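Trainee: Take a look at the following structure, please.
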Amino acid sequence: MKELKTQYKKILVDYIANQSERDLYIGQNFIRQLIQKNIAPEEVIHMHKQVMEEIFPELPAVSKRGYDFLIEIMVYFGLTLKEHQILLEQQEEMRIEMNVAAKIQSVLLKTTVPKIDGVDIGMLSIPIRKMNGDYVHFLNDEENYVGVAVTDVVGKGVPAALCMSMVKYGLETLEYAENNPSHVLEVLNRIIEKSVDDSMFVSMFYGRLDLARSIFTYGSAGHEPAIYYNAVDDAFYGLGAKGLLLGIMPEMKYEQTEIPLYEGDFIIMLTDGVTEFRYDDAIDSRKIIEQLALTYRHLSAQKMCEKLYEELQKLQEDGLDDDFTVVILKK
Amino acid sequence: MKELKTQYKKILVDYIANQSERDLYIGQNFIRQLIQKNIAPEEVIHMHKQVMEEIFPELPAVSKRGYDFLIEIMVYFGLTLKEHQILLEQQEEMRIEMNVAAKIQSVLLKTTVPKIDGVDIGMLSIPIRKMNGDYVHFLNDEENYVGVAVTDVVGKGVPAALCMSMVKYGLETLEYAENNPSHVLEVLNRIIEKSVDDSMFVSMFYGRLDLARSIFTYGSAGHEPAIYYNAVDDAFYGLGAKGLLLGIMPEMKYEQTEIPLYEGDFIIMLTDGVTEFRYDDAIDSRKIIEQLALTYRHLSAQKMCEKLYEELQKLQEDGLDDDFTVVILKK
Amino acid sequence: MKSTINITTEWDIVTAREIGRNEAKRIGFDTVNQARIATVISELARNIYLYASVGAITIEKIECEDKVGIAITAIDEGPGIEDVRKVMQDGFSTSGSIGAGLPGVKRLTDDIEIQSQLEEGTTVRVTKWL
Amino acid sequence: MKSTINITTEWDIVTAREIGRNEAKRIGFDTVNQARIATVISELARNIYLYASVGAITIEKIECEDKVGIAITAIDEGPGIEDVRKVMQDGFSTSGSIGAGLPGVKRLTDDIEIQSQLEEGTTVRVTKWL
Ligand SMILES: [Mn+2]
Ligand SMILES: [Mn+2]
Ligand SMILES: [Mn+2]
Ligand SMILES: [Mn+2]
């Protein structure tokens, strides 16, 4: 502390003599170091008073008393600053905790893409932050059906990640891949409405492919419409539905629709992180995705997903700002 | 700000005239209010300077320059205080997030106690904080076997709670209740070692009751030994094992032991939160639990759990300081 | 020397501060630490004044081996603190209740001990070494 | 009036501060806010000095309807900021890199705009109204 006082005195004496900007600059740099050393403001005022008394012995009593008063009241600023130090440490701890949590979460929510004869499935899910707010779940019974749920939680952070564990848990209780999409959405809606916070909603697209009949049945709970390419028409169609997000109303009914899939057809299921990129307001982002899909449709479903991500990332000016998830099902 | 200056002037003038403790007390109360209004320390010094100039027109130039210097350097204290304000808001947000997370977690980790002919099972798990770091899981196939895992995660907060989701996930992949305890512990150990942070460990006691033969087989991974009451001997035995905590070494082997259960026997599985209470250093806490169990053994397993909790809570001076979990299996 | 000041009016808080500051000065604390000790007394005494009807502050010089310091004890028969651990957590707003200001008191001293029983009262003892 | 100061040495930082403080005074900012404006210039200029080889600070009076204020623009050809969002988060330690001090700059001003391109440079423009 004595050394600091000597330093302070030197700077203050220079300033009082010249009042130069240089001395103020040096003074600020010095105080920044003091703050890093956790020196409290009341200590700085005390130091200031002592230095003033040394360099100016005729300092009036009024001034001295003024400094004493300042020291006294600055104690409360000092207290707040100390609290700040502690909060910073806590924040750092939490950051470490979050890293661990994210790692566990990523294991818990790992998706395995099923390999099935006669249908090619690809998937890519890129989180924007540490924890992914999108989640893809496959239900399959090897022979007859394959079900795919693409979900996006509205909200972020730990609760959102845990909400996804809830979704996974709900889908697992369903067990069988032959469940109707409307049934799946209704069950999930009830689970989420009941057990998750009121502020937490999930959008879900659920599709089920009947492998023998090659019929795709789908339903949607407020989710971004899927993109369906019909090879015979050489045209794209949106697969949406009017259903509300999961978790809003306990007794929602969800509709389902069937489409037949033929050779060369494919379906792109995605989250809004894929379509909500800023590029050119005049051009519909879904049109761009369709264009890209056409360009790369000769590739495997997995490669198509990767190309889509790559190309869309290039179009993004400031990088993605939502979780990006795409699932492609190719006949 | 002008009103504040008038106030400040009044207090400061009084202090300079009398230097009484009363004025310092009033000054501190005043500054506390200023801090709540987010007034920065540089503003306080500025106010102080202005007041000094007003009440003492002959204030030397040296003093004035000293104040200017103080204002300049106090800007950095002010900055830190503003950052503090923001951190406090963030902390508040996180607290809300944690409440939501805890609620979801408690749904995800809900345990249902199976009802089985010929054996009475009771369970109680009381978390000390929002998220429970203990977890109980039952595996049962209705007819032949019932398995019970009692686990305690070393660590706290969100990662610990997520780690428990991991344990649940691992136990669910095992599916069948007839698995050997040593096998269960080995599988869980591998899952946790691989997918959870290095700093996260779990202790687990796993017991399996063969319903037809009435044989209880158990193994332990660094867990608090269970308490086994043998009615014929009218004596208690500890059921422990040497196994390391789950998550330390990838290829650990766990041993298992068999004991026959007869009419009147019971087994108390617990976490260290039950035994680690401070009461009287001379008396072993497990002895107290045994004593209580004897007193209440005429009750159902569930009632015994509740009585144990009630009585042990009374013995605790400062309340519990760990999650409290007890599972009782009565023949 | 050991002084005990009953806290019933706001002026008793001022008296306790004054006695504490003088004792701190005698022990050899500098201006800044005198101010901090007065602040600690203020916070403890205000808790008594605002939230407990009966209570007192005791100020004493303490010595331990080659160290000297000051100990301040606040005893009240107020409502008590339900969760001492929670009250001591930083960032928690405890204003408007008996535990208000205790995290600050902790930060200004070297050691703090709190005993509290609901509806019976609270004892807080802090020490600060020279 | 619009002044531009190239920042190559530490003394250029001082010059920029001085010009900024004088301009702030002319516009009518009080002592405290003059100090804050000098601090903002300091932080921006130090970033240029420490992490970018070429850069300048521009100071100008701004007027908008019936308001007056000061705008400070820092342009450099330094390494750029990888993640502007992260740099602006409070509580994150960004010391030792180009974004250091930006959260502080934000708190001392009314508005901040940051444009940055990796390996091309960064432009920060802040405004403060009287
Ligand atoms: Mn989302
Ligand atoms: Mn999204
Ligand atoms: Mn634990
Ligand atoms: Mn424990």
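Trainee: What does the structure give for B:84-91 when I average, per residue, the other chain Cβ atoms found within 10 Å of the residue Cβ? Don't jump to the answer; show the numbers that get you there.
Mentor: Details: counts 10, 4, 5, 9, 7, 1, 7, 8.
Mean partner shielding for this stretch: 6.
Trainee: When the scattering of the protein assembly as shown is computed by the Debye formula from its Cα atoms alone, each counted once and equally, what is log10 I(q)/I(0) at q = 0.06 Å⁻¹?
Mentor: Here the Debye-derived log intensity ratios amount to -0.61.
Trainee: Could I ask something else about it? Nearest beta-carbon of A to the rotation axis carrying it onto B: which residue, how many whole Å?
Mentor: A:84, 2
Trainee: Further question on the same structure: Between residue A:287 and residue A:234, what is the spin-label point distance in nm, taking each point 7 Å from the Cα along the Cα→C-beta axis?
Mentor: Here the modelled spin labels are 1.9 nm apart.
Trainee: A follow-up question, please. Sort shortest first the distances from residue A:232 to its counterpart in every other copy, using label points 7 Å along the Cα-to-beta-carbon line, and give them in nm.
Mentor: 7.7
Trainee: Could you tell me the accessible area of residue A:52 in Å² (1.4 Å probe, neighbours in place), rounded to the nearest ten?
Mentor: 0
Trainee: Ignoring ligands, DNA and RNA, what percent of the 1.4 Å accessible area of segment B:24-116 is carbon and sulfur?
Mentor: Solvent-exposed carbon and sulfur of segment B:24-116 make up 53 percent of the total.
Trainee: Defining the label point at 7 Å along Cα→Cβ, can you sort the distances from residue D:62 to the same site in each other copy, shortest first, in nm?
Mentor: In nanometres, ordered from closest: 5.6.
Trainee: State the Cα centre-to-centre distance between segment A:107-178 and segment B:60-75 in whole Å.
Mentor: 63
Trainee: Using a Förster radius of 30 Å, what is the FRET efficiency between residue C:83 and residue D:89 based on their Cβ-Cβ separation? Nearest 0.05, please. Display every interim value, and only then the final one.
Mentor: Values: r = 32 Å, r/R0 = 1.06.
In this case the efficiency is close to 0.40.
Trainee: What are the label-to-label distances in nm, one decimal and shortest first, from residue D:11 to the same spot in the other copies, with labels 7 Å along Cα to Cβ?
Mentor: Result for residue D:11, in nm, nearest copy first: 6.4.
Trainee: Oh, and also: For peptide B:158-167, what's the mean number of Cβ atoms from other chains within 10 Å of each residue's Cβ? If you can, show how the numbers build up before the last one.
Mentor: Numbers: counts 12, 11, 4, 4, 13, 4, 1, 9, 4, 0.
What the average comes to for B:158-167 is 6.
Trainee: Of C:62, B:71, which has the most accessible area and how do the rest follow, probe 1.4 Å?
Mentor: Numbers: C:62 25, B:71 0 Å².
Of C:62, B:71, the descending order of accessible area is C:62, B:71.
Trainee: Right, next: Once R0 is set to 45 Å, what does the formula 1/(1 + (r/R0)^6) return for the Cβ-Cβ distance between residue B:3 and residue A:244, expressed as a FRET efficiency to the nearest 0.05?
Mentor: Numbers: r = 53 Å, r/R0 = 1.17.
Calculated value: 0.30.
Trainee: Obtain the nm distance between the two label points defined at residue A:314 and residue C:68 by a simple spin-label model: each point lies 7 Å from its Cα along the Cα-to-C-beta direction.
Mentor: It works out to 7.9 nm between the two label points.
Trainee: Out of B:71, A:271, A:166, whose Cα points farthest toward the positive end of the dipole of the protein assembly as shown (charges: +1 Lys, Arg; -1 Asp, Glu; placed on Cβ)?
Mentor: B:71
Trainee: Compute, for chain D, the length of the dipole vector about the Cα centre, with Cβ point charges of +1 (Lys, Arg) and -1 (Asp, Glu) only. Units Debye, rounded to 20.
Mentor: Numbers: 15 positive and 20 negative charges, 89 e Å.
Computed charge dipole of chain D: roughly 420 debye.
Trainee: Using the Cα centre as the reference, give the magnitude of the dipole from point charges on the C-beta atoms of the protein assembly as shown (Lys, Arg: +1; Asp, Glu: -1; all else neutral), rounded to the nearest 20 debye. Please report the intermediate quantities before stating the final value.
Mentor: On the way: 98 positive and 146 negative charges, 547 e Å.
I would put it at about 2620 debye.
Trainee: Can you bin segment A:176-299 into rounded, prolate or oblate? Criterion: square roots of the alpha carbon gyration tensor eigenvalues sorted a ≥ b ≥ c, rounded for a/c under 1.5, prolate for a/b above b/c, oblate for the rest.
Mentor: Details: a/c = 2.81, a/b = 1.35, b/c = 2.09.
Verdict is oblate for segment A:176-299.
Trainee: Which distance in nm do the two modelled labels at residue B:99 and residue D:9 give, with both placed 7 Å along the Cα-to-Cβ direction?
Mentor: 5.9
Trainee: In Å², and per residue, what accessible area does segment B:156-214 have when probed at 1.4 Å with the other protein chains present? Don't jump to the answer; show the numbers that get you there.
Mentor: Values: 2080 Å² over 59 residues.
Solvent-accessible surface per residue comes out at 35 Å².
Trainee: So which chymotrypsin sites (Phe, Trp or Tyr not before Pro) in segment B:107-190 end up in coil per DSSP with only 15 or fewer other C-beta atoms within 10 Å?
Mentor: Numbers: sites: B:135, B:138, B:145, B:169, B:176; in loops: B:176.
In loop regions of segment B:107-190 (DSSP not H, G, I, E or B), the sparsely surrounded chymotrypsin sites (Phe, Trp or Tyr not before Pro) are B:176.
Trainee: Taking the 0 to 90 degree range and rounding to the nearest ten, how far is the long axis of helix A:285-295 tilted relative to the main principal axis of chain A, both from C-alpha atoms?
Mentor: That helix lies at roughly 60 degrees to the long axis.
Trainee: A follow-up question, please. Any idea of residue D:116's accessible area? Nearest 10 Å², probe 1.4 Å.
Mentor: Result for residue D:116: roughly 40 Å² accessible.
Trainee: If you keep only loop residues by DSSP, which trypsin sites (Lys or Arg not before Pro) in segment B:67-142 have at most 10 other Cβ atoms within 10 Å of their Cβ?
Mentor: On the way: sites: B:82, B:95, B:103, B:110, B:115, B:129, B:130; in loops: B:110, B:115, B:129, B:130.
Listed in order of number, the matching sites are B:110, B:115.
Trainee: Right, something else. For an R0 of 51 angstrom, estimate the FRET efficiency from the Cβ-Cβ distance between residue D:115 and residue A:55 and round to the nearest 0.05.
Mentor: Working: r = 47 Å, r/R0 = 0.92.
So the FRET efficiency works out to roughly 0.60.
Trainee: Note the buried accessible area between A and B here, summed over both chains, with a 1.4 Å probe, in Å² to the nearest 100.
Mentor: Working: alone 18890 and 18900 Å², together 31130 Å².
Approximately 6700 Å² gets buried when A meets B.
Trainee: Something else now. Summing +1 for each Lys or Arg and -1 for each Asp or Glu, what net charge is found among the other residues whose Cβ lies under 12 Å from the Cβ of residue C:112? Could you put the intermediate results ahead of the total?
Mentor: Values: positive: C:106, C:107, C:125, C:128; negative: C:43, C:110, C:111, C:113.
Spelling it out: positives minus negatives among the neighbours equals 0.
Trainee: With angles folded into 0 to 90 degrees, how steeply does helix D:10-27 sit against the dominant principal axis of chain D? Use alpha carbons for both and round to 10.
Mentor: Result, in degrees: 30.
Trainee: What does the net charge come to around residue B:102 if you take all other residues with beta carbon closer than 9 Å to its beta carbon, with K and R at +1 and D and E at -1?
Mentor: Details: positive: B:103, B:129, B:130; negative: none.
So the environment of residue B:102 carries a net charge of +3.
Trainee: Now a separate question. Would you calculate a helix-derived [θ] at 222 nm for the protein assembly as shown, using -39,500 (n - 2.57) for each DSSP H run of n ≥ 4 and dividing by the full residue count, to the nearest 500? All intermediate terms of the calculation are to be shown ahead of the outcome.
Mentor: Details: 26 runs with 419 residues, N = 922.
About -15000 deg cm²/dmol.
Trainee: Could you give the angle, 0 to 90 degrees to the nearest 10, between helix B:21-36's Cα long axis and the longest principal axis of the Cα atoms of chain B?
Mentor: That helix lies at roughly 70 degrees to the long axis.
Trainee: Which shape class, rounded, prolate or oblate, goes with chain A when its Cα gyration tensor gives a ≥ b ≥ c as root eigenvalues, a/c under 1.5 marks rounded, and past that a/b bigger than b/c marks prolate?
Mentor: Details: a/c = 4.06, a/b = 2.78, b/c = 1.46.
It comes out prolate by the Cα gyration axes.
Trainee: For a paramagnetic label modelled at 7 Å from the Cα of residue B:183 toward its Cβ, which residues of segment B:126-140 fall within the zone defined by backbone nitrogen distances under 15 Å?
Mentor: B:139-140
Trainee: Quick one: pull the percent of accessible area on segment A:127-254 belonging to carbon and sulfur, 1.4 Å probe, ligands and nucleic acids left out.
Mentor: Accessible surface attributable to carbon and sulfur in segment A:127-254 totals 49 percent.
Trainee: Sum up the charges of everything whose Cβ sits under 12 Å from the Cβ of residue B:42, counting Lys and Arg as +1 and Asp and Glu as -1, but leave residue B:42 out.
Mentor: Details: positive: B:49, B:82, D:36; negative: B:43, B:68, B:72, D:30.
Overall, the nearby charge balance is -1.
The values are calculated or read from the model by the stated rules, or taken from the named source; none is laboratory data. Quantities reported herein were computed from a predicted structural model and do not represent experimental measurements. Heads up, the Cβs are rebuilt from the backbone with ideal geometry, glycines too, and the neighbour counts pull from every protein chain shown. Only protein heavy atoms, including side chains, enter the accessible area calculation; ligands, DNA and RNA are left aside. Shrake-Rupley method; radii C 1.70, N 1.55, O 1.52, S 1.80 Å.
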